[in-house]
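Input: a single structure, listed below in structure tokens.
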Amino acid sequence: MNAIASAPVSPSSTSAAPAEDRKPLTKKELAADHPTWCPGCGDFSVLALYFKLIEKRRLWHEKVVSVSGIGCSSRFPYFVQAHGAHFIHGRALPFASGISLTRPDLHVFVFSGDGDAFSIGGNHFTHTARKNIKMTLVVMDNEVYGLTKKQTSPTSPLGYKSKTDIWGAVDQPINPLRQAIAAGATFVARTTHTNPNHVLQMMEAALDHDGFSFIECLSECVEFYPGAFDAANPRKGGAFNLVPTDHDVTDEVAAYRLAGAPAPGYFGIFYRVQRPTKNALEAKINADAQAKVVGLAPWQILTKSFERMK
Ligand SMILES: Cc1ncc(C[n+]2csc(CCOP(=O)(O)OP(=O)(O)O)c2C)c(N)n1
Ligand code: SF4
Ligand SMILES: [Mg+2]
């Protein structure tokens, strides 16, 4: 991971070369530190497919930003050789919002855990979704707090035994998809780490979406919740059910209803609509304001502003 201010420059990422002459980045060029996740952790799969996405879609080091909060999944930016920030627990989205609004040329990705995104960061999830700030949020949902060694998370199912619920969880878990739809997210999808092609497909669709795109990616914590998603894994006797082909992704009520299907639920795009982004709306305000001061020196603009305040 590199700090925002210091973009790494590899031979294939010099900004002098036109995009069409540059070779897609390879996994070797994209990999930074060796991931410190437990062997078998679902998060490895998400990282590998993020590399694949960058390679396939010919994104460049200096144009990609990976932001995260705190948690096992949030270690993600350390392992990517591009701009990135491992920020404060639950605060990845406001940090990423600032980047997205000030640098519209960058592809902003946020990688979060279920605790990071829905517990301590729950309010930011709601507000980033309703503001429709252009970025992609991937929540690596393992239904537990992994980093802190097995506490109940907002997505842990009823009855799940953890260090904070030794007799089994009694609180109704949240439904991430329904929460996103209700908050005003304009792209809502679900996938699972055991189906690599599908993860990549969802990441590509999210990248193409002009607005806030949210992907819930089931990602097994083999240490503290092994087998959590066997019911969605055909190799473990489960069923991987795609969103029905006749589902209308612009129908909010239908999406909400589909998102309520009992475990293992459906996989695919539940909801996708176009609504002006905060990025576009603010850019217009800025352009209008700038048009009023064309030809003036900065000190004259400042004087005008002070006069308005009198
Ligand atoms: C302000 C603050 N409160 C609590 C913590 C402790 N803490 C670190 S990670 C974490 C939860 C991690 O769970 P999740 O977001 O689901 O990520 P996972 O490790 O499961 O990938 C908690 C409570 C912290 N680092 N900072
Ligand atoms: S504790 Fe769980 S979530 Fe964390 S790295 Fe290990 S398997 Fe992955
Ligand atoms: Mg978790």
Quiz item: Does G90 qualify as being at positive phi and buried (at least 23 other Cβ atoms within 10 Å of the Cβ)?
Solution: yes
Quiz item: Just checking, how many residues over region 98-113 are more than 16 Å from ligand 2 (Cβ to nearest atom), within 28 Å of I174 (Cα to Cα), touching a residue at least 40 places away in the same chain (Cβ under 8 Å) and of a type outside the set (A, V, I, L, M, F, W, C)?
Solution: 1
Exercise. Could you grab me the full set of residues in region 185-232 that are out of contact with any strand residue (DSSP E or B) (no Cβ under 7 Å at 6 or more places or on another chain), more than 16 Å from ligand 3 (Cβ to nearest atom) and without any contact (Cβ under 8 Å) to a residue 60 or more places away in the chain?
Key: N197, Q201, D208, D230, A231
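Just one of M140, M135 is under 22 Å from G184 (Cβ atoms) and buried (at least 22 other Cβ atoms within 10 Å of the Cβ); which is it?
On the way: M140 fails: under 22 Å from G184 (Cβ atoms).
Sole residue among the options that is under 22 Å from G184 (Cβ atoms) and buried (at least 22 other Cβ atoms within 10 Å of the Cβ): M135.
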Self-check item: Residue that is farthest from the chain's Cα centre (by Cα), among those in region 110-128 that are more than 14 Å from ligand 1 (Cβ to nearest atom) and within 12 Å of F214 (Cβ to Cβ)
Solution: T126
Quiz item: Under the condition of being touching a helix residue (DSSP H, G or I) at 6+ places or on another chain (Cβ under 6 Å) and surrounded by 24 or more Cβ atoms within 10 Å (Cβ to Cβ), which residue from region 193-202 is nearest to K236 (Cα to Cα)?
Solution: H193
Practice problem: Please enumerate the residues belonging to region 160-198 that are within 24 Å of H124 (Cβ to Cβ), in contact with a Lys or Arg (Cβ under 9 Å, 6 or more places away or on another chain) and part of a helix (DSSP H, G or I). | Solution: P176, L177, A183
Practice problem: Consider P77 carefully, then state whether it is outside any strand (DSSP E or B), more than 16 Å from ligand 3 (Cβ to nearest atom) and touching a residue at least 60 places away in the same chain (Cβ under 8 Å). | Solution: yes
Quiz item: Does region 211-221 include one or more residues that are away from ligand 1 (no atom under 16 Å from the Cβ), hydroxyl-bearing (S, T, Y) and crowded, with 23+ Cβ neighbours inside 10 Å?
Solution: yes
Quiz prompt | Complete set of residues in region 203-233 that are away from ligand 2 (no atom under 16 Å from the Cβ) and either in contact with a helix residue (DSSP H, G or I) (Cβ under 7 Å, 6 or more places away or on another chain) or not in a loop (DSSP other than H, G, I, E, B) (or both) | solution = M203, E204, A205, A206, L207, D208, F212, S213, F214, I215, A231, A232
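FYI, it's all coordinate maths here, none of it is from the lab. All values reported here derive from a predicted model rather than from experimental measurement. Glycine also receives a Cβ, built like all others from the backbone with ideal geometry; neighbour counts cover every protein chain displayed.
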